[in-house]
Amino acid sequence: DAGITQSPRHKVTETGTPVTLRCHQTENHRYMYWYRQDPGHGLRLIHYSYGVKDTDKGEVSDGYSVSRSKTEDFLLTLESATSSQTSVYFCASSPGVQETQYFGPGTRLLVL
Amino acid sequence: QKEVEQDPGPLSVPEGAIVSLNCTYSNSAFQYFMWYRQYSRKGPELLMYTYSSGNKEDGRFTAQVDKSSKYISLFIRDSQPSDSATYLCAMSDTDKLIFGTGTRLQVFP
């Protein structure tokens, strides 16, 4: 399995506070992705990256920003967390387009 | 209408049963079709990957793609309690995957 980790694994925060989630992969994969998973919606793409400093929006990008300064790290930031952003967040990476995406273990975020 | 539709279940079957999981989709441009398995409180992991139409078999698992009907299936033969998980279909035409909502499967001894 690809070595992909996420931190923190659990977080509780208050509405209006900034939150940053980190994804780290050791496989030198070019592509990295952030998803959120909610009941009834499945996995929805937030943002993705196709190289260092190259990112693009996904289906549900409002309220989120990302950065990728190194191949191995992909950060997801909630500038001002809202209760609607309570979710489980998954990071994934893949070596190329149309290739297998390898998922991290997820981060459970609760916004009070 | 969602691009990818998947029955959420739950689907409960006895050990040894044949399980059929299905997804329908609306975008005829989809060319790559995948099935991911997700155990409770874990990340999804790839189970099957197929390109275009046809069948693919891997042990007890068979993936079928019918592009003319915009319908994909995953069959599990001789199901085991360890197969209890949520199964997500996913498909793509470019560099992004579109996931179904997942079907929760419970295999009881």
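The accessible-area ordering, largest first, of the residues A:Lys70, B:Lys96 stands as A:Lys70, B:Lys96, per a 1.4 angstrom probe.
Cα convex hull, the protein assembly as shown: 118 Å³ per residue, rounded to a whole number.
Comparing B:Arg77, B:Arg41, B:Arg60 in a Gaussian network model of chain B (Cα springs below 10 Å), the most mobile by mean-square fluctuation is B:Arg41.
Note down the relative contact order for region B:1-49 as a percent, whole number, built from C-alpha pairs under 8 angstrom at least six residues apart. Present the calculation step by step, with values, prior to reporting the outcome.
Numbers: 39 pairs, mean separation 14.8, N = 49.
About 30 percent, as a whole number.
Taking GluC sites (Glu not before Pro) across region B:1-73, the ones in a DSSP loop with at most 16 further Cβ atoms lying within 10 angstrom of their Cβ are B:Glu3, B:Glu15. Mean-square fluctuation check for chain B, GNM, Cα pairs under 10 Å: which of B:Ala85, B:Ala29, B:Ala63 is largest? Greatest mean-square fluctuation among the candidates belongs to B:Ala29.
By the Cβ distance rule of under 4.7 Å, the protein assembly as shown has a partner for each of its cysteines.
Here the relative contact order of chain B, from alpha carbon pairs under 8 Å that lie six or more residues apart, stands at 38 percent.
Which whole-number percent is the relative contact order of region A:3-67 (Cα, under 8 Å, 6+ apart)? Working shown, then result.
Details: 81 pairs, mean separation 14.0, N = 65.
Over region A:3-67, the number comes to 22 percent.
Which number do you get for Rg(Cα) / (2.2 N^0.38 Å) in chain B?
Values: Rg = 13.2 Å, N = 109, 2.2 N^0.38 = 13.1 Å.
Relative to the 2.2 N^0.38 Å estimate, chain B comes out at 1.01.
Would you please state the base-10 log of I(q)/I(0) at q = 0.16, 0.17, 0.18, 0.19 1/Å for region B:65-109, with intensities from the Debye formula using one equal scatterer on every alpha carbon? Normalising to I(0) and taking log10 leaves -0.57, -0.63, -0.68, -0.74.
Which pairs in the list A:Lys70/B:Lys96; B:Lys67/B:Lys96; A:Lys53/B:Lys42; A:Lys57/B:Lys56; B:Lys56/B:Lys96; B:Lys42/B:Lys96 are over 25 Å apart, alpha-carbon to alpha-carbon? Mind dumping the intermediate values first?
Numbers: A:Lys70/B:Lys96 21 Å; B:Lys67/B:Lys96 19 Å; A:Lys53/B:Lys42 29 Å; A:Lys57/B:Lys56 33 Å; B:Lys56/B:Lys96 22 Å; B:Lys42/B:Lys96 21 Å.
Among A:Lys70/B:Lys96; B:Lys67/B:Lys96; A:Lys53/B:Lys42; A:Lys57/B:Lys56; B:Lys56/B:Lys96; B:Lys42/B:Lys96, the Cα-Cα distance tops 25 Å for A:Lys53/B:Lys42; A:Lys57/B:Lys56.
The accessible area of B:Lys67, taken with all protein chains in place and a 1.4 Å probe, comes to roughly 50 Å². Within the shell defined by Cβ-Cβ distances under 15 Å, the residues around B:Val107 carry a net charge of +1, with Lys and Arg each +1 and Asp and Glu each -1. Our compactness index for chain A, the C-alpha radius of gyration over the empirical 2.2 N^0.38 Å, is 0.98.
Take the accessible area of chain B alone and of chain A alone, subtract that of the pair, and you get about 1600 Å² summed over both chains, using a 1.4 Å probe. Using a Gaussian network for chain B with springs between C-alpha atoms less than 10 Å apart, which of these wobbles most: B:Gly16, B:Gly54, B:Gly43? Per the Cα network of chain B with a 10 Å cutoff, B:Gly43 tops the list. Under 20 Å from a point placed 7 Å out from the Cα of B:Gln80 along the Cα-to-Cβ direction: which residues of region B:43-64 have their backbone N that close? So the set is B:43-49, B:57-63.
The values are calculated or read from the model by the stated rules, or taken from the named source; none is laboratory data. Since this is a predicted model, take the numbers as computed values, not measurements. Please note: Cβ atoms are built from the backbone with ideal geometry, for glycine as well, and neighbour counts cover all protein chains shown. Remember, those area values only see protein heavy atoms, side chains included, never the ligands or the DNA or RNA. Shrake-Rupley method; radii C 1.70, N 1.55, O 1.52, S 1.80 Å.
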